[in-house]
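Structure first, commentary second.
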Amino acid sequence: MSYWGKIIGGATGYALGGPLGAILGVAAGHAVDEIGNESATAVATVEDKKKSVAFTIAVVALAAKMAKADGHVSELEIAEFNRLFQVDPGEEANVRWVFERARHSHAGPEAYAQQIAAMFRDEPEVLEELMEALFLIARADGAASAAEIDYLRRIADIFGLETTCFKRVCAEHLA
């Protein structure tokens, strides 16, 4: 099932409530679509789908803002994003749309990072894997800049990753 119609519809939520407005708007719209089936399984499925949609939006936004952290987005960074986050061919235009909206937004990455941190509070390995992906995007067009490292440090702090973890991921990806 494709979620991107709901994501694009979330643009209204974004306009009214910023990044979290978009996430909540999409999740609420998706829940309304699913509300016809009220069994416990359906409720769990709706929750899983809401989490998946929110995670997808937040990851695309964090990647876009990572690519923009040094002031410009290169085709190499976009290619690295596409390599890391393989998207169904029919959804590429929609992912690009979300990526472009996040890239041009003046809002910082904090709301997206906080959303992901809350979703995966008990799964630090997911947060660390996402940090590693962001590091790969940062260095896709050569060495990561100081602005990109600062961005990564802010995200790691929001994710609650320890300094030793951040330094280890830095050493692995920036050596």
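Conditions (1) in a loop (DSSP other than H, G, I, E, B); (2) touching a His at 6+ places or on another chain (Cβ under 7 Å); (3) within 17 Å of ALA61 (Cα to Cα), marked per residue:
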| residue | (1), (2), (3) |
| --- | --- |
| GLU92 | no, no, yes |
| ILE116 | no, no, yes |
| PHE135 | no, yes, yes |
| TYR151 | no, no, yes |
| LEU161 | yes, no, no |
| LYS167 | no, no, no |
| CYS170 | no, no, no |
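Residue pairs whose Cβ atoms lie under 8 Å apart, separated by 6 or more positions or on different chains, with the first residue in region 131-159 and of a type in the set (Asp, Glu) and the second open to solvent by less than 30 Å² (accessible area, probe 1.4 Å) and in a helix (DSSP H, G or I), are GLU132/VAL169; GLU132/HIS173; ASP141/GLU77; GLU148/MET66; GLU148/ALA138.
When ALA11 is tested against (1) small (Gly, Ala, Ser); (2) modelled with pLDDT of 55 or more; (3) open to solvent by less than 50 Å² (accessible area, probe 1.4 Å), just one condition goes unmet, and that condition is (2). The C-beta contact set for region 101-118 (first residue under 21 Å from GLU129 (Cα atoms), second residue open to solvent by 40 Å² or more (accessible area, probe 1.4 Å) and assigned to a loop (DSSP other than H, G, I, E, B), distance under 9 angstrom, 6+ apart or interchain) comprises ALA117/GLY160.
Can you pull out the residues in region 118-133 that are more than 24 Å from VAL73 (Cβ to Cβ) and either part of a helix (DSSP H, G or I) or in contact with a Phe, Trp or Tyr (Cβ under 6 Å, 6 or more places away or on another chain) (or both)? Write out each step before concluding.
From region 118-133, those more than 24 Å from VAL73 (Cβ to Cβ) are 118-126, 128; that's our starting set.
Those that are more than 24 Å from VAL73 (Cβ to Cβ) and either part of a helix (DSSP H, G or I) or in contact with a Phe, Trp or Tyr (Cβ under 6 Å, 6 or more places away or on another chain) (or both): ALA118, MET119, PRO124, GLU125, VAL126, GLU128.
Within region 140-158, can one find any residue that is more than 20 Å from LYS68 (Cβ to Cβ) and either open to solvent by less than 80 Å² (accessible area, probe 1.4 Å) or of a type outside the set (Ser, Thr, Tyr) (or both)? So far as region 140-158 goes, no, none of its residues is more than 20 Å from LYS68 (Cβ to Cβ) and either open to solvent by less than 80 Å² (accessible area, probe 1.4 Å) or of a type outside the set (Ser, Thr, Tyr) (or both).
The number of residues in region 103-150 being among the polar types (S, T, N, Q) and touching an Asp or Glu at 6+ places or on another chain (Cβ under 8 Å) comes to 1.
Among the residues of region 72-90, those identified as open to solvent by 50 Å² or more (accessible area, probe 1.4 Å) and either modelled with pLDDT under 80 or in a loop (DSSP other than H, G, I, E, B) (or both) are HIS72, PHE85, GLN86, ASP88.
The values are calculated or read from the model by the stated rules, or taken from the named source; none is laboratory data. Just so we're clear, the structure is a prediction, and the values are computed from it rather than from any experiment. Virtual Cβ from ideal backbone geometry, glycine too; neighbours counted across all protein chains shown. Note: areas computed on protein heavy atoms with side chains; ligands, DNA, RNA excluded. Shrake-Rupley method; radii C 1.70, N 1.55, O 1.52, S 1.80 Å.
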